[in-house]
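Student: One structure follows; several queries about it will come next.
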Amino acid sequence: MDTAVGIDLGTTYSAVAWVNRDGDPEIIPDALGETLTASVVALDADGRPVVGGDAKAGMTGGETEVAHLFKRFMGNPAYRLPLGERDWSPPELSAQVLAHLKAQAEARLGWPVTHAVVTVPEYFTHPERAATLAAGDLAGLEVLRLMSEPTAAALAYGLRPGPAVRRLLVYDLGGGTFDISLVEVGPDEIRVIAAEGDNELGGRDWDDRLIGELLRVLPPDDADLLAAHPGVLLVEAERLKRTLSARRAADLRLTIGGRTVRAAVTREAFEASCQDLLELTGQLTSKLLEEARLTWADIHGVLPVGGSTRMPMITRWIERTSGKPPMGGIHPDHAVALGAAAQAAILLEAETRLRLPGPDDGSVTPLLRLSAPRQVSNVVAHSLGLIAENPEGDRYLNSVLLPRNQRIPSQATRPYQFWLKGSGDDLMEIFLTQGESDDVQDCVYLGRYVVTGFPASGSSRQAVVDVTYAYDDSALVEVTATERTTGDRLDVNVEELPSDVPDRFLEPPARGGSRLPMTVYLAFDLSGSMSGSPLQEAQKAAKAFVSQLDLTTTAVGLIGFSDRVDVPLHATSNAARIERAIRKLSVGTTGYGNATHPFDDLRRLLTDDRHRKFCVVLADGVWERQDHAAKRARLCHQEGIEIIAVGFGHADEKFLRAVASSTEQALFTQLGSLSQVFSTIAREITEAGPR
Ligand code: AMP
C-alpha cells in the first residue's frame, strides 16, 4: 500500500499532512495531538536522536547537544553540527525530522508511508533543493517532488470555495526565510507567475532584535548573565515574541544559577526595533509587483503564510499596503503541509491511479476531491547562467541563459564554440551559476560541469557544443551537452568547485587564440506595415536567432528604423537584456513610414569594434531612398561589416541584393518561416571559422 504525505519541512517547525478518505487534506498530529513539530534534533541519554518538543526542551535545559536552525545551512557542503560522538550534516539532521514525521503519520494512519512531497522556500537554490532531496532519501521516503512553500499554501487556499479566478500574493514569512509570490488561482490550475524573496530573512531576525531589546533594557550584570546563555536567551526571546503577538507587553522572568532576571518589553518598542526588517519585505514585494507590471489594484488579496505572519505588525502592514485585510480561512502554520499533501495526492493519482484504502466496507475513495484544481505550475526565482568571458575577452561575467520567473520545467540550449585539440582528452568546463547580476561575485555557484567524450580526431578543429540547461519540476538543475557536427551526446560530470572560485574570475581571462568574438546587430524595419503578426513573428525570429548564438563570444544589439532610426539596445552579451529589448520592440516608435535606413548608425556603432561584425536587416516593404541606402550599405561592406538582408511581404528582392554583402546573403522568405531563417543565419555565423 502506497501512501503519500505532504511535509512542510520548516526552519523552526515542521508539519505533516495527508489527503483523508473524504478527499480533503488534513494535518496528522502526533500522539499528544500536537500539529507542529519543532525542527530540533537532540540525542537522548543512550545517544539516540530525538526530534521535536522533547529535543527543544533540551535547549532551555542548557544542554549543548541540540541541533536547530539547520535548514539555514542546507546545501552548504562544509557545514557540520557536532552532536554526540560525531558531526552531522544539515541533510542528516533534516532526515531525522522527516523520519520522525513519517513515523508519526504511520502511527496515526496504521500503514506505511512511502512517498512524500516536501516543501522548500521558493527562494531555495539548486544546492539547497538537492540537499532536501538527499534528506528525504536518508529518511526512507521517495520524494515525488519538491514544492515551493508559497505554491503549496496557494494550493491549499485554492481548494477552498471562492470566485473562479483569483490573483493573490502569498506573503510567506517563516522562521528563516521570506518569500513573496504572485499566484493565480483558477478553477483547474494554480499558477505561480513570479516570485521574489530572501532566504536569510525570517522570524529568527525578529528574535535577534528582541534579544537586543532585552539586553538593552536589562541592568549590565543581568544582561551579561543572559548573554552567557545564548540557548536560553533564544528560546525565551522567541516565547516573548509570540506573547507580544497577542499582548501589548510581555515580561521576562528567568532564574539562572540561582539569580532571577526580570524585564518588561512592550510591543511598541519591539516593533520599532524591527521596522527595517518589515521594510525589507515591503521592498521585495514592490519589486515583484513592478516586474510583473502590476499595481496593488490588480491584486485580490494577500495570503499570509508562515508562523511569523502572526505578528500584528505584519498583518497591519498587509492591510495598510493592500487596502484589504489579509486573506483568512487557513491556519497559517498548516497551509503549506496541507497544500503539499494535495500535491502528493495529485501526483500519485496521475502516476499510478492508486487509491487509498477505503472505509471498512472495502470500497475506494478518490485521493483528492474531484472539483479541486489538478494543475499546479511554478516558476523559479533564479536565473540560470554560466561564467563566460565578455566578447572583448578582457573580463569574466555571469551570462544568464535561463531567465528567472519562467514556468518550470523549462530548458534552454545554447551553442558554445570550443577549440578541440583532437587528442581525445579534450575537456570543456562550465561554471554554472544561479543569480541575476552579471557580476561574478554576486551569484551562487552550482558547480563545475566538466564536458568530456570528444572523439580523438588527430587534428585540431573548431567544434560547436550545444549545451542544455534545464530546471525540472522540483527546480533542480540538469546540464547536458551534444556536439553539433557529430550529433554525439557528450559526458557531463559535476565536480566540486575549486577553492579559488569566484576569485579566479576577478582576474582578466588568459588570452587564447581560439576565440572568435563577434558583434551582431539586428536591424528591424518598424514601419506601419510591420504591425500585428509581422512584428510578432520578427520578435520570435529574433529570439530564435539569439538562442543559436554563443553569447560568451557574441554581443547582440538592436536597431529599429522607419522614419527615424532608434537603437533600443547597444551590443551586449546579457541574454536577459537582449530578451527584454526584443520584447519591447514596437511599431510606431520611429514613425510609420520608410524614410530612412539603418546603415549610417550601424557604421557609427561599430567604428571602434575590432570583432567580426554582422548586421541582419529585416524588411517587409519598399524603402523611400533605396539607391542612397544601397550606397551606405556598401560603405558598411568596405568597413568589414557583413550585411545579411532578409525580406518578406512587399520587400524588393533586387534591393535586398544591393544591400547584402553577397547575393547569397540576400534572403527572401515567408512570414511563417522567419524564425527558421534567422536560426539558420545564427547557426551559420556561429559555425563559421576564422575568415
Ligand atoms: P515557520 O517556519 O513557518 O514554522 O515559522 C516559524 C516562525 O514563526 C518562528 O520564527 C516563530 O517564532 C514564528 N512564530 C510562530 N508563532 C508566532 C507568533 N504567535 N508570533 C510571532 N511569531 C511567531
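Student: Do any GluC sites (Glu not before Pro) in segment 1-94 lie in a DSSP loop with no more than 16 other beta carbon atoms within 10 Å, and if so, which? Kindly include the intermediate steps, with their values, before the conclusion.
Tutor: Working: sites: E26, E34, E63, E65, E85, E92; in loops: E34, E63, E65, E85.
Qualifying residues, ordered by number: E34, E63, E65, E85.
Student: Please list, in order along segment 256-271, the HN-Hα scalar couplings obtained from phi with the Karplus expression 6.51 cos²θ - 1.76 cosθ + 1.60 (θ = phi - 60°), rounded to whole Hz, x for Gly and Pro.
Tutor: Coupling constants for segment 256-271: 10, x, x, 9, 9, 10, 10, 7, 10, 10, 9, 4, 4, 5, 4, 5 Hz.
Student: Same structure, new question: Using all C-alpha to C-alpha distances in the chain, build P(r) with 20 Å bins and read off the rounded percent in each one.
Tutor: Per 20 Å bin, starting at 0, the Cα pair percentages come out as 16, 41, 31, 11, 1.
Student: Here's something else I'd like to know. May I ask for the Kirkwood hydrodynamic radius of segment 384-506, worked out over all distinct Cα pairs and given in angstroms to one decimal?
Tutor: Values: mean 1/r = 0.0658 Å⁻¹.
Roughly 15.2 Å, rounded to one decimal.
Student: Relative contact order of the chain, please, whole-number percent, based on alpha carbon pairs below 8 angstrom and at least 6 residues apart.
Tutor: Values: 1540 pairs, mean separation 72.9, N = 691.
For the chain, the relative contact order is 11 percent.
Student: Next question, about the same structure. Amide H neighbours of L526 under 5 Å, at least 5 residues apart or on other chains, H built in the peptide plane: list them.
Tutor: For L526, the qualifying residues are F561, S562.
Student: Using the per-residue mean of other Cβ atoms lying within 10 Å as a proxy for protection, in what order, highest first, do the peptides 586-595, 520-529, 408-417 fall?
Tutor: Numbers: 586-595: 16.8, 520-529: 24.5, 408-417: 18.6.
My ranking of the peptides, most packed first, is 520-529, 408-417, 586-595.
Student: Apply the Karplus parameterisation 6.51 cos²θ - 1.76 cosθ + 1.60, with θ equal to phi minus 60°, to every residue of segment 620-625 and state each ³J(HN,Hα) to the nearest whole Hz, in sequence, with x for glycine and proline.
Tutor: Per-residue couplings from phi come out as 10, x, 9, 7, 5, 10 Hz.
Student: Now a separate question. List, largest first, the extents of the alpha carbons of segment 518-688 along their principal axes, each in whole Å.
Tutor: Its Cα atoms span 37, 34, 26 Å along the three principal axes.
Student: Another question, if that's okay. Can you tell me the orientation of helix 575-584 relative to the chain, as the angle in degrees between its alpha-carbon axis and the longest Cα principal axis, to the nearest 10?
Tutor: 70
Student: Still on this structure, please answer the following. Around L43, which amide H atoms from residues at least 5 apart in sequence, or from another chain, sit under 5 Å from its own amide H, with H modelled in the peptide plane?
Tutor: Placed amide hydrogens put V50 under 5 Å from L43.
Student: Using amide H atoms built 1.01 Å from N in the peptide plane, name the residues 5+ places from L569, or on other chains, whose amide H lies under 5 Å from its own.
Tutor: For L569, whose amide H was placed from the backbone, the distant partners under 5 Å are L558.
Student: Right, another one. Could you sort 563-573, 166-176, 218-228 so that the peptide with the highest average Cβ count within 10 Å comes first and the rest follow in order? Walk me through the numbers on the way to the answer.
Tutor: On the way: 563-573: 18.6, 166-176: 25.0, 218-228: 14.4.
So the peptides 563-573, 166-176, 218-228, ranked by packing, come out 166-176, 563-573, 218-228.
Student: Once label points are set 7 Å from the Cα along Cα→Cβ at both Q441 and A292, what is their separation, rounded to one decimal in nm?
Tutor: Here the answer is 3.4 nm between the modelled labels.
Student: Summing -39500 (n - 2.57) over the DSSP H runs of n ≥ 4 in the chain and dividing by its residue number, what mean residue ellipticity at 222 nm do you reach, to the nearest 500 deg cm²/dmol?
Tutor: On the way: 16 runs with 212 residues, N = 691.
Taking each H run of at least 4 residues, the total per residue is -10000 deg cm²/dmol.
Student: Per-residue HN-Hα couplings for segment 537-547, Karplus 6.51 cos²θ - 1.76 cosθ + 1.60 at θ = phi - 60°, whole Hz, x for Gly and Pro?
Tutor: My calculation for segment 537-547 gives 5, 5, 5, 4, 4, 5, 5, 4, 4, 5, 5 Hz in order.
Student: Would you please calculate the Kirkwood hydrodynamic radius of segment 203-272 over all C-alpha pairs and express it in Å, rounded to one decimal? Provide the component values of the computation, followed by the final result.
Tutor: Working: mean 1/r = 0.0839 Å⁻¹.
Averaging 1/r across every pair of different Cα atoms and inverting gives 11.9 Å.
Student: By average Cβ neighbour count within 10 Å, what is the ranking of 5-11, 286-292, 253-259, 110-116 from highest down?
Tutor: 5-11, 110-116, 286-292, 253-259
Student: Check the chain and count each lysine pair with an alpha-carbon distance under 29 angstrom, considering only pairs eight or more places apart or from different chains.
Tutor: Final tally of qualifying lysine pairs is 23.
Student: Placing unit charges on C-beta atoms (Lys and Arg positive, Asp and Glu negative, everything else neutral), compute the dipole magnitude of the chain about its Cα centre in debye, rounded to 20. Could you put the intermediate results ahead of the total?
Tutor: On the way: 69 positive and 94 negative charges, 325 e Å.
In debye, rounded to 20, the chain gives about 1560.
Read-outs throughout are calculated quantities, based only on the coordinates presented, and are distinct from any laboratory measurement. Only a predicted model underlies this, so the values are computations on that prediction, with no experimental measurement involved. Every residue, glycine among them, receives a Cβ derived from its backbone with ideal geometry; neighbour counts consider all protein chains shown.
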